[in-house]
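Structure first, then comments.
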Amino acid sequence: MLQNNDGFAERNTKEINSMQGTGLKDEWLVKELFKSFAEQTTDVIFITNGQGFIIYLSAANKQVFGYDPEEMVGMHFTQMLSPESIDKAVTEFRLAAANFLPTKSLVLTMKRKDGSSFQGELNGNYFAINGFTGTAGTIRDITPRIEAGEALKKSEARFRELADSLPEGVYEADSEGHLTYANKRAFEMFGYNEADEPFGMSVLNLLAQEERARGAERLKQVSTIISGRSGEYLAVKKDGTTFGVYVTTSPIFENGALSGFRGTIIDITEKKAIENALRESEEKYKAAFKTSPDSININDMSGLYVDINNGFTNITGYTEEDVIGKSSLDIDIWAKPDDRKALVAGLMQNGVVDNLQADFRMKDGRIKTGLMSARIIKLNGKPHILSITRDITERKKIEDELRAAKEKAEESDRLKSAFLSNMSHEIRTPLNAILGFTNLLNEPDLTEDERQQFSLLIKKRSFDLLNIISDILDISKIESGQLKVQNITEDLNLLMDDVYYSYKHNPQFDSGKGIEFRLNNELAADKCKLTSDPYRIKQIINNFLCNAFKFTNRGFVELGCMKADKNNLMFYVRDSGCGIAPAKQSVVFERFRQADESFTRKHEGTGLGLSIAKGLVDLLGGKIGLISEQGNGSTFYFTIPFK
């Protein structure tokens, strides 16, 4: 077999020469060259007989199909194909055999030895030699080519989607200036659609007749530079109407040679109309400028104030003498530097900025919020910045208040829903106990002790239910303003002792936890007369004490009373319980709120006790508060006027 190396001539010259005159020299050489080519090509070379059975495969078969060539010899050609491609291949091969036609670029789904599939491109010829028929051809794995093509299509689709989303027209043209691409905005701008097939027309035909010579000169200039050019032109739509555009054009170079142009088109009709209106109606402009309640100012491109109106002075406090010839940075009017950066960026990019919300510092130091629009205009032939700012400080304040009210209403609705869910549980619990133990009392086999015990439980749960209903009625009366307090002169020592001993000798509050309950009354016996509502004072203290015993597992609970100042008396309940996290301390006095609002909380309760206490303290003309550290107990206190 021929080999492609330096030993070729030495090894084979004699053999070739010996064939001179035998008629075998050319045949042998062709065979050896075919084998050499077949072993080196990356395409799979195959030969089948007339029945489609493989009689030869080149070495590339191993790389492409995963088989050694010998493994596939004798296999039917269709065994190389995925099921969905067999009918297609058989049809093509039969057509080729019937008409002795070549099979060109037939794409089939083929399968490898490991079961994976790939896209293969088959080229072959049907042959008949000395009575032997079959097909010979090549197979190439074109999966990478197909994947690259799909990736290119996706990339082009993304580019077109991006270009179509731009507010500016985007176009491309060949080196002769013939249109090859335009985005959606460009079609809309000029009144064309894709059915009009504008591609191929000269981009100069998109300009008004009087502009085409200048446009052609600009293309000629652009073709010799790298950065491109831009300018304003009078363009013409499909229906013949003209409008102003701002066009940027840059050259496209490939391999150092000009291959085309690309650029953007901005419709400046509105901008030109504004400029023309300003030039034609200067007096009208001055009147509107000076009398507008909005702040209007004109600055040159370096940022220096050129003119301001009365609205500017009324809103900011700055007069013409304060600002003319100075910049906004000189008078420090921008409360937030980023607002100025946004304005500058917008003007540099588009020549116009609309509805920029920004904060401004007034001459007296106050901060106001404005809604600003600005654009670049021509004034005396030079570009300037025209800015109009509306003071929306009050509007923002109202919006913030409305937003806060909405959030408060939503939170109130959420809390009420949570309260109703919790209240349903709190009411059902004692009711279920009452109903359950009432049924048990009817059992004939109960002992007298059991009947006594069940009766006590029914009584206790009835009181629990009564307390819940009382809380609901009290909070309803407080919210509706129907709860009234009475002024009765009461001996505070008796009041404190009454509360103290009602808890001291009531085992249900201690619940076997061994909590020390103590009383600290600092009032002298001759100064303990209080004119207020003793019933409501007891109710407040009871709410404090119930919480203290509920959330204290060990240690102490202390009830106290002392003079807060000359005119106020303070009652407090201190405990060594779990305490309240700082984040929760601000909400415990709100309606329907608890320090632990989760469904898995350990302690029962309606969440109304402290809210009722606060409402009662307010009615008594006092103040309520707490001091707490999580893990180190809490002190709840309230003050009332002492007369």
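Amide H to amide H under 5 Å from ALA208: which residues, 5+ apart in sequence or cross-chain, H placed 1.01 Å off N in plane?
Amide H neighbours of ALA208: LEU234, ALA235, VAL236.
Given points 7 Å out from each Cα along the Cα-Cβ axis, report the LEU435 to PHE253 separation in nanometres with one decimal.
Each label point lies 7 Å from its Cα, and together they span 9.1 nm.
What full-extension length gain, to one decimal in nm, is calculated for TYR181 and LYS477 as 0.36 nm per residue of separation minus the Cα-Cα distance? Each step should come with its number before you reach the end.
On the way: separation 296, 0.36 × 296 = 106.56 nm, distance 7.57 nm.
This chain segment gains 99.0 nm when fully extended.
For labels at THR319 and TYR56 in the simple 7 Å Cα→Cβ model, what's the distance in nm?
Reported label-point gap for THR319 and TYR56 is 10.6 nm.
Just by accessible area at a 1.4 angstrom probe, what is the order of GLU321, GLU450, GLU407 from largest to smallest?
Numbers: GLU321 145, GLU450 70, GLU407 105 Å².
Sorted by accessible area, descending: GLU321, GLU407, GLU450.
Residue separation times 0.36 nm, minus the C-alpha to C-alpha distance between ALA208 and ILE367: what's the value?
52.2 nm
Please compute the length gained on full extension between LYS220 and GLU411, using 0.36 nm multiplied by the number of residues separating them and subtracting their Cα-Cα distance.
Length gained, LYS220 through GLU411: 61.9 nm.
Given a Förster radius of 51 Å and the C-beta distance between ARG145 and GLN349 as r, what FRET efficiency does 1/(1 + (r/R0)^6) yield to the nearest 0.05?
E between ARG145 and GLN349, to the nearest 0.05, is 0.80.
Can you compute 3J(HN,Hα) from phi for each residue in the range 625-638, using the Karplus curve 6.51 cos²θ - 1.76 cosθ + 1.60 with θ = phi - 60°, rounded to whole Hz and x for Gly and Pro?
Whole-Hz 3J(HN,Hα) from phi for the range 625-638: x, 8, 10, 8, 9, 4, x, 10, x, 9, 10, 9, 9, 8.
Got a sec to turn the phi values of the range 359-376 into Karplus ³J(HN,Hα) couplings, 6.51 cos²θ - 1.76 cosθ + 1.60 with θ = phi - 60°, whole Hz, x for Gly and Pro?
Those phi angles translate into 9, 10, 9, 7, 4, 8, x, 5, 10, 10, 9, x, 10, 10, 10, 9, 8, 8 Hz.
I'd like the Karplus ³J(HN,Hα) series for the range 397-409: coefficients 6.51, -1.76, 1.60, θ = phi - 60°, whole numbers in Hz, and an x wherever there's a Gly or Pro.
4, 5, 4, 5, 5, 5, 5, 5, 5, 4, 5, 5, 5
Leaving out ligands, DNA and RNA but keeping every protein chain, what accessible area does GLU39 have, in Å² rounded to the nearest 10, with a 1.4 Å probe?
Spelled out: GLU39, probe radius 1.4 Å, area about 90 Å².
Quick query: amide H of ILE515 versus all other amide H atoms, modeled in the peptide plane; which residues come in under 5 Å with a sequence gap of 5 or more or a different chain?
none
Solvent-accessible area of VAL306, probe 1.4 Å, all protein chains present, reported in Å² to the nearest ten, please.
Near enough 60 Å² of accessible area.
If you roll a 1.4 angstrom probe over the protein chains with everything in place, what fraction of the accessible area of the chain belongs to carbon and sulfur, to the nearest %?
Heavy-atom surface of the chain belonging to carbon and sulfur, 1.4 Å probe: 53 percent.
With +1 on the Cβ of every Lys and Arg and -1 on the Cβ of every Asp and Glu, and nothing else charged, how large is the dipole of the range 93-184 about its Cα centre, in debye rounded to the nearest 20?
720
Considering amide H positions built from the backbone, and no H for Pro or chain starts, which residues 5 or more places from GLN630, or on another chain, come under 5 Å of its amide H?
Amide H to amide H, under 5 Å and 5 or more residues apart or across chains, GLN630 pairs with ILE580.
How much FRET efficiency would the formula 1/(1 + (r/R0)^6) give for SER82 and PHE37, where r is the Cβ-Cβ distance and R0 is 35 Å, rounded to 0.05?
Calculated transfer efficiency: 0.75.
Once both labels are modelled 7 Å past Cα along the beta-carbon direction, what's the GLU443-ASN493 spacing in nm?
Each label point is offset 7 Å from its Cα along the Cβ direction, giving 5.1 nm.
From largest accessible area down, sort LYS238, LYS623; use a 1.4 Å probe on the protein chains.
The ordering from most to least exposed comes out as LYS623, LYS238.
Consider the candidate values (i) 1.21; (ii) 1.85; (iii) 1.46; state which one is Cα Rg over 2.2 N^0.38 Å computed from the structure displayed.
Computing Cα Rg over 2.2 N^0.38 Å and matching it to (i) 1.21; (ii) 1.85; (iii) 1.46 gives (ii).
The values are calculated or read from the model by the stated rules, or taken from the named source; none is laboratory data. Just so you know, these numbers come straight off a predicted model, no measurement behind them. Cβ atoms come from the backbone with ideal geometry, glycine included; neighbour counts cover every protein chain shown. Calculation scope for accessible area: heavy atoms of the full protein, side chains included, ligands and nucleic acids excluded. Shrake-Rupley method; radii C 1.70, N 1.55, O 1.52, S 1.80 Å.
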